[in-house]
Structures are given as C-alpha cells and as structure tokens.
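Chemist: Pasting a structure below so you can have a look.
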Amino acid sequence: MADSSAVCKSSEPTIHHVEITNDTLTGRAGLSLFVRYLRGIDLSPHLDRLFGSMRQSRKGLPITAIFKQLLCFFIDGTSLHLVHFDGLKEDDGYAAAIETHIDTMASSHTIKRFFASFSMYRIYLFRRLLQQLFLWRLRVEETEMILLGIDTMPMDNTEAKQREGVEPTYKKRVAGFAPLQLMWGPYLIDAVFRGGSRHSNHGETVPRMVEHVVTLIRKRYRDDVPIIIRLDSGFFAQKLFEFFDELGIGFICSGSLFADIKEYISHNDPASWHRYENDHQIWEYVELGDCRRTWKKFRRAFYTRPLCEDQQLLMEFARPDKMLYTNIGQGGHIDELLEGAGLEHLKEAGKIIEAYHGRGCDELVHRALKEFGTEKLPFKRFRANAAFYYIMLLSFFLYEAFKRDVCDQVVPITSYPTRLRRTVIDNAGKIVRKSGRIILKVNAATWNRLNIEYLWHSSGSPPRFAWVA
C-alpha cells in the first residue's frame, strides 16, 4: 500500500513556481457578451445625445466611454467602491474584455468628477431614458395588459456622515434615502430619488409619475391597452383613487382594517365567505362595498385571509387578514378596456385578489436591485448620489433585458444577479490578435457548458432600441 501511495503522489501535477505572463487574460470574459449586447441595441448614440455636452474638453474621456465602463462596473459587481476603477485601469485583460483601449480606462478621480458635474436637469434625463427603455420592452414583449407596481425602497445609509438627504425612514433605526419606484414586471421604469423622510404618498409625486407614464403608454404604445396599478396601504387615499378613475386605469390597493369593518366581519354570515385558489395559494374572502366618512362614492372591497402559505395550511390565529380596494368591475373605463382586450375574467373577485397578492413580485424587484447594486451611496452631495442611483437603475434595467434577450437558455429569467454573474460573467478568457482580428478564447468546458456559440449570436442580434419621439 505504501508503494502505491508513493506512486500516486509522484504522479500528481504540482505547481512549483509562479511567473508573470504577457498574455492578455481576463476573469470576466462574459462582460464581452454584455458589451456586444450594448452595441447591438445601439444605446450609445442616445447616451451621447442626452449627456454628451457634459464633456468639457476634448482631453477628457468621451461620455459614452464613461457610461460603458460604469454599466460594466455594475454588471460585474465585483466591487462597487469607486476606488475599484483604479485597479481596473491597470488591467489590460479587463479593458480588452469590454473593448476599451487601456489608455481610455477611467480612474476613480475621473468617475468622481463625472458624478460631481451632474445638474438636476441632467439627472431628470435619466427618467426619460428609463421610460423610453420601458417603451422598447413593451414593443418587444407585445403585452396585452400592463400591470404596474409602485412603492418606496428605503436605502440604508445609517452609517453615512453628513450626507445630503440621509434622513430617518419609516423603517425603525434606518436612515437613508427613500426613492419612489414604478415597476413593470422585473423592470424599474421610473423613479424619483428622495430623502428618507418622504413617505409613500408624499406631495404630488405619485399622481404626476403615474400620469406621465400612462400618457406615454397611450401615445407611444397603444391607447386601448388596459393599465392596472398595484399599491400597498401607504398609498391608501381617496384623492389618489379619484385620480386613477379620471385617468381611466384600474387600481388594487390594500387598506386599513378599521374597527367598523372588523365588527361587520365578526358578525358576518359564514355562508357569505367564498374561496379562491390557484396552484400556490388558497384565499377566503368576503366581497363588500365600503365608503369611508370623507369619501364621495362606494368602492368595491374584499376582506381576505390566506388559508395556506408555501403549501402549508395556516392556523386561524396566524392568518394575516387584509382589506383590498379596487375600481375594477364597477363599470368604469378600465372595464371597457378589459372587455375590449378579451380580459373580462380579470374583473372576477378571485382574479383581483390573485393579482394583488402577486405584488410580492414587486418586493422581489427591490431585493434584486439591492443585490445587483448597493444601498450605501458613495457621495456627500445629493445630486452626485442621485446620478449614481439612476445609473444603477439604468444598469439594472439593461441587466434584466440582457438576461432575457441573451441568457435565457443558460440561466432562468427569474434568477438573481449573483447567479448570472457567477454563471455567465465570471469566466476565464484569453484575448489574442490574429490576422488583424481580436479573438476571445475560452476553454472547451466553458464553451460547452454555457453554449457560447448561442450566447455570442444572441448578444450580437438583440432587439434594437429606438427612441420614440
């Protein structure tokens, strides 16, 4: 046994020394697919048109070059500290992977000056760009009904010192920012960056945001598409409901469990309870009409309680009761649009309850964004942090589109950023020049495991982004 063990050990490949190689190597070969995707959708001309005048001198880097490096910085996600750019500036393999000359790689000081130069007008342009990207995805996916979600996302910057806008949020012991974000499926399509003390329905921000997006959909996509928005109890306000009625969109909003409603339910006939179930959940509900003291009209409402969670039955004391309010099924314009689209079944009580409880997907978008980027913003000035936040949103939008347009056969479209990064982005590659061409080489195992040929083809022929005037 001793002899065989010695033979085994002597045959093992042992590394005896380390040396420097002059080969161009990268550990982020997958970034070349993302850069190819950016070139395919043709986003750069629009970035240059919106932000190109920020370049003060020809000696500085082109704005599109800075944006490309920032987008790759977020997609990579190795480190979201700005000093990481200093290390990347010296990495010729990384520069080759993102198709950038090493002498045009940005340093951390360049990036800081870039963010410091943003005005509030320039920051607003990010919202226009996100909305145009939303229209692009609407045309790609050709949806028959648009289900929106709106909510605030507290960003924990408690440890930050002397940061403009860092204020106590509604979450206990958390100080930071509280941007208001509008979602469509996995996409964040609009956002207002705000200080932490701003509550969900602060001022006129919500109606203005919703009105602008609804107008954009009806003018630039389709004027007959049904639009429904889901809201939590932080937006429970009759003024907001009346505004949605005027816009002709549907809403499903959770409300407070008032004492008179609890009293009514406690004396309610057990036969009036109904049950709705799908593949994952079972609910009991009572349908009623409710009109609060200051309201001008009755609203369709549902008192609901889930009977199970994750396919496990809940004991009666553990069932979270909830009130839902909606204008769907009350003869308004949204009902006409649903009927015209052949979606009249969405007026049924069970479908309304199911649609609202799908709001958990909106929470998952916030979770994915925080995993993709960071809550802790790097600057002291509000404008610089706002610009950093919006570029993070832009990168997150493109990450979701890239995942669907390119990586759908490699990672599930429901996967979180870490999985896509570890699977697609973090792969070793060698960049070589041959016959005047630049070639990225990966080993056979990576080629076969990720189906690189498919990824290369799909990243080079994505749906093209076009600005809708």
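Chemist: May I ask you to list pairs of residues, at least six apart or on different chains, whose Cβ atoms are under 9 Å apart, with the first in the stretch 202-220 being surrounded by fewer than 16 Cβ atoms within 10 Å (Cβ to Cβ) and the second being basic (Lys, Arg)?
Modeler: Listed by first residue and then by second, the contacts come to Thr205/Arg194; Thr205/Arg198; His212/Arg127.
Chemist: I've got another one for you. Quick check on Tyr356: is it assigned to a helix (DSSP H, G or I), surrounded by 15 or more Cβ atoms within 10 Å (Cβ to Cβ) and either out of contact with any Ser or Thr (no Cβ under 8 Å at 6 or more places or on another chain) or at pLDDT 95 or above (or both)?
Modeler: No.
Chemist: While we're looking at this one, here's another question. Restricting attention to the stretch 307-318, does a residue exist that is assigned to a loop (DSSP other than H, G, I, E, B) and modelled with pLDDT of 85 or more?
Modeler: Residues of the stretch 307-318 that are assigned to a loop (DSSP other than H, G, I, E, B), as a first pass: 307, 310-311, 314-315.
If we keep only those that are modelled with pLDDT of 85 or more too, we end up with none.
Checking the stretch 307-318: not a single residue is assigned to a loop (DSSP other than H, G, I, E, B) and modelled with pLDDT of 85 or more.
Chemist: Also, quick follow-up: So, in the stretch 337-350, exactly how many residues are surrounded by fewer than 17 Cβ atoms within 10 Å (Cβ to Cβ) and either among the charged types (D, E, K, R) or touching a Leu at 6+ places or on another chain (Cβ under 9 Å) (or both)?
Modeler: 5
Chemist: Looking only at the stretch 20-46, which residues are hydrophobic (A, V, I, L, M, F, W, C) and in contact (Cβ under 8 Å) with a residue 60 or more places away in the chain?
Modeler: Residues of the stretch 20-46 that are hydrophobic (A, V, I, L, M, F, W, C), as a first pass: 20, 25, 29, 31, 33-35, 38, 41, 43.
Those that are hydrophobic (A, V, I, L, M, F, W, C) and in contact (Cβ under 8 Å) with a residue 60 or more places away in the chain: Leu25, Ala29, Leu31, Leu33, Phe34, Val35, Leu38, Ile41, Leu43.
Chemist: Continuing with this model, one more query. Mind checking whether some residue in the stretch 244-254 is under 31 Å from the mean Cα position of the chain (by Cα), loosely packed, with under 14 Cβ neighbours inside 10 Å and closer than 26 Å to Leu148 by Cα?
Modeler: Restricting attention to the stretch 244-254, the residues satisfying the condition of being under 31 Å from the mean Cα position of the chain (by Cα) are 244-254.
Checking the rest, the ones that are also loosely packed, with under 14 Cβ neighbours inside 10 Å come to 246.
If we keep only those that are closer than 26 Å to Leu148 by Cα too, we end up with 246.
Yes, there is a match, as at least one residue in the stretch 244-254 is under 31 Å from the mean Cα position of the chain (by Cα), loosely packed, with under 14 Cβ neighbours inside 10 Å and closer than 26 Å to Leu148 by Cα.
Chemist: Evaluate the following for Asp232: is it under 26 Å from Tyr390 (Cβ atoms), touching a His at 6+ places or on another chain (Cβ under 8 Å) and buried (at least 17 other Cβ atoms within 10 Å of the Cβ)?
Modeler: Values: under 26 Å from Tyr390 (Cβ atoms): yes; touching a His at 6+ places or on another chain (Cβ under 8 Å): no; buried (at least 17 other Cβ atoms within 10 Å of the Cβ): yes.
Spelling it out, it is not the case that Asp232 is under 26 Å from Tyr390 (Cβ atoms), touching a His at 6+ places or on another chain (Cβ under 8 Å) and buried (at least 17 other Cβ atoms within 10 Å of the Cβ).
Chemist: For the stretch 179-273, which helices (runs of 4 or more DSSP H) that fit wholly inside it have 1 or more residues that are touching a helix residue (DSSP H, G or I) at 6+ places or on another chain (Cβ under 6 Å)? Before the answer, list the steps.
Modeler: Numbers: elements: 205-220, 238-247, 259-266.
Those helices (runs of 4 or more DSSP H) span 205-220, 238-247.
Chemist: Something else about it: How many residues does the stretch 266-293 hold that are surrounded by 15 or more Cβ atoms within 10 Å (Cβ to Cβ) and either in contact with a Pro (Cβ under 6 Å, 6 or more places away or on another chain) or over 26 Å from Gly331 (Cβ atoms) (or both)?
Modeler: 4
Chemist: Would you mention how many residues in the stretch 132-150 are in a loop (DSSP other than H, G, I, E, B) and in contact with an Asp or Glu (Cβ under 6 Å, 6 or more places away or on another chain)? Walk me through how you get there before you give the answer.
Modeler: So the first thing to find is which residues in the stretch 132-150 are in a loop (DSSP other than H, G, I, E, B), and the list is 142-145.
With in contact with an Asp or Glu (Cβ under 6 Å, 6 or more places away or on another chain) added as a condition, the list becomes none.
Residues flagged as in a loop (DSSP other than H, G, I, E, B) and in contact with an Asp or Glu (Cβ under 6 Å, 6 or more places away or on another chain) within the stretch 132-150 amount to 0.
Chemist: Could you check the stretch 422-451 and list, in sequence order, the residues that are touching a helix residue (DSSP H, G or I) at 6+ places or on another chain (Cβ under 7 Å) and closer than 30 Å to Arg139 by Cβ?
Modeler: Val424, Ile425, Leu450
The values are calculated or read from the model by the stated rules, or taken from the named source; none is laboratory data. Bear in mind that the values here come from a model prediction, so they are computed numbers and not experimental data. We place every Cβ from the backbone using ideal geometry, glycine too, and count neighbours over all the protein chains shown.
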